[in-house]
Amino acid sequence: MRALTAIDVLLDPDEPMRAFAADLNGRMLASIPSPPGFALDENHRPHVTVLQRYVRTAALDQVCEAIQEVRASVDLSTLRLTARALTHVVLQPSIGIAVIEVAPGPDVLSLQARLIEVLQPFTERGGSAEAFVRTPAEPDIGEETVEFIEDYVPRHSGANYVAHVTVGLAAPEDLAVLEAAPFPPFTFAADALSIYQLGNAGAAARCLQTWKG
């Protein structure tokens, strides 16, 4: 069986969004320190996922070349994303995860469709925990994570695509307070398009290549 790598092709948000996410993350770490919470750091980058796939590890250079060709035809400065709400999901009685819901513009959906097309020759099914980055802090990869990447297309692409920025873990009662606060929608841009190897729970864990805007 050929080795596979779990990848995340993502948009790196601009500085205002990064600062906004970092502020929320700091407030959440006051609720649940790391671990089991997590800081937005080199292993947990704030980002907007565009596409997640299992690709052949031996073809990673070709994967990056294909993404670079798509990137060369896209003006990142014209992509528009709108942060519209903070929402959370309770994972277990004492922990919930919060995300900033993002409305992607039509150009973002077009970008995703093109990436699906150009990466299809290198994409395979049958991913396992071996495809992910594992660290001493997060040595295990949950089965839900493995299955999520397997079925990203079509379950989470096209009309089913839900864009978001993950900002952290906190106690559900604290997340409820954050979610109830006013959230004036704001538009932000992307500074870069990047490819990462994924860690557990969809974390953008290891940068493989970045193409600046």
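Nothing in this text is a laboratory measurement; each read-out follows from the coordinates by a stated rule. It should be emphasised that the depicted structure is a prediction, and the values quoted were computed from it without experimental measurement. Methodologically, a virtual Cβ is constructed for each residue, glycine included, from the backbone with ideal geometry; neighbour enumeration extends over all protein chains shown.
Length gained on full extension, Gln62 to Ala159, computed as 0.36 nm times the residue gap minus the Cα-Cα distance: 32.1 nm. Across region 75-88, rounded Karplus estimates of 3J(HN,Hα) from the backbone phi angles (6.51 cos²θ - 1.76 cosθ + 1.60, θ = phi - 60°) give 8, 4, 5, 8, 6, 10, 10, 10, 6, 10, 5, 9, 10, 9 Hz, Gly and Pro being marked x.
Determine the calculated [θ] at 222 nm for the chain from helices alone, applying -39500 (n - 2.57) to every DSSP H run no shorter than 4 residues and normalising by the residue count; nearest 500 deg cm²/dmol.
Numbers: 6 runs with 63 residues, N = 213.
Counting only the DSSP helices, I get -9000 deg cm²/dmol.
Across region 1-52, the mean sequence separation of Cα contacts (distance under 8 Å, 6 or more residues apart), normalised by length, yields a relative contact order of 59 percent. Neighbours of Thr87 by Cβ distance under 15 Å: Lys/Arg scored +1, Asp/Glu scored -1, total -2.
From the largest down, region 90-162 spans 37, 29, 19 angstrom on the principal axes of its Cα atoms.
Name the shape class, rounded, prolate or oblate, that the alpha-carbon gyration tensor gives for the chain, where a ≥ b ≥ c are the square roots of its eigenvalues, rounded holds for a/c under 1.5, and otherwise prolate holds if a/b is larger than b/c and oblate otherwise.
On the way: a/c = 1.89, a/b = 1.26, b/c = 1.49.
It comes out oblate by the Cα gyration axes.
Taking 0.36 nm per residue of sequence separation and removing the Cα-Cα distance, the Thr78/Glu130 pair yields an extension gain of 15.0 nm. If the segment from Asp107 to Asp151 were pulled out straight at 0.36 nm per residue, it would be longer than the present Cα-Cα gap by 13.5 nm.
State whether region 32-136 is rounded, prolate or oblate according to the following rule on the C-alpha gyration tensor (a ≥ b ≥ c being the square roots of its eigenvalues): a/c under 1.5 gives rounded; otherwise a/b larger than b/c gives prolate, and the remaining case gives oblate.
oblate
Between region 180-213 and region 162-178, the C-alpha centres lie 16 angstrom from each other. With a 10 Å cut-off between alpha carbons and a GNM built on the chain, which of Asn43, Asn25, Asn160 moves the most? Maximum among the listed residues: Asn160.
Counting alpha carbon pairs within less than 8 Å and at least 6 residues apart, what relative contact order, in whole percent, applies to the chain? Each step should come with its number before you reach the end.
Working: 421 pairs, mean separation 78.9, N = 213.
Across the chain, relative contact order equals 37 percent.
Distance from the C-alpha centroid of region 52-72 to that of region 1-42: 23 Å, rounded to the whole angstrom. Sorted ascending by nearby beta carbons within 10 Å, beginning with the fewest, Val89, Val153, Val177 become Val89, Val177, Val153.
Inter-label distance, Lys212 to Ala30: 3.5 nm, where each label sits 7 Å from its Cα along the C-beta direction.
At most 15 other Cβ atoms within 10 Å plus a DSSP loop assignment makes a site exposed; report the longest stretch of the chain without any exposed trypsin sites (Lys or Arg not before Pro).
Numbers: sites that count: Arg2, Arg80, Arg125, Arg134.
Counting only loop sites that pass the neighbour cut-off, the longest clear stretch is 135-213.
For each of His156, His44, count neighbouring Cβ atoms within 10 Å of the residue's Cβ, then give the residues from fewest to most. Mind showing how you got there, number by number?
Values: His156 16, His44 20.
Fewest-to-most Cβ neighbours within 10 Å comes out as His156, His44.
Treating only the Cβ of Lys, Arg, Asp and Glu as charged (+1, +1, -1, -1), what charge dipole size does region 3-52 show about its Cα centre? Round to the nearest 20 debye.
Values: 3 positive and 7 negative charges, 37 e Å.
About 180 debye.
If you run the Gaussian network model on the chain, springs between alpha carbon atoms under 10 Å, then out of Ile195, Ile95, Ile67 the most flexible one is Ile95.
Estimate the FRET efficiency between Val118 and Ala3 by the formula 1/(1 + (r/R0)^6), using the beta-carbon distance for r and 22 Å for R0, to the nearest 0.05. The computed FRET efficiency comes out at 0.55.
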